[in-house]
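A.B. asks: Quick one: the structure is below, questions incoming.
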């Protein structure tokens with residue numbers, strides 16, 4: 001059974017807003033300043049200041065790269081959810097085919113499994129991470 005039109009609109013809005021925010025964050029970390037004078041935040045050069053050492057700058061840049069990877073993965077999750085929303089597969093657990101409760105979809109719009117399946121997956125993988133959005 002497809003989700004209601006009101007839920008569709010609400011989730012679509014949440015996903016679009018989350019997508020725009022994640023995209024802005026990725027761009028802020030990876031884009032170079034228009035003047036070309038400032039390296040992107042992800043670059044070690046962006047963190048070198050007078051009396052600073054290169055290892056510290058590289059560590060900060062590594063952290064920025066990790067954060068950018070996380071935001072990029074989130075963008076993929078959001079795009080996948082938007083695809084399911086447009087193709088009619090949104091709200092159906094990809095593992096067991098049951099409907100995912102509306103409250104779960106609203107709380108975590110990128111979710112693609114029901115709670116029992118998510119718990120089983122986490123137990124099998126030894127993770128407790130859960131959805132990221």
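Bear in mind these aren't lab numbers, they're just calculated from the coordinates by the rules spelled out. Predicted, not measured: the structure shown is a model, and the values here were computed from it. Cβ atoms come from the backbone with ideal geometry, glycine included; neighbour counts cover every protein chain shown.
A.B. asks: Between residue 28 and residue 10, what is the label-point separation in nm under the 7 Å Cα-to-beta-carbon projection?
C.D. replies: Between residue 10 and residue 28, the label points sit 2.8 nm apart.
A.B. asks: Can you put 19, 120 in order, fewest other beta carbons within 10 Å first?
C.D. replies: Ascending number of Cβ neighbours within 10 Å: 120, 19.
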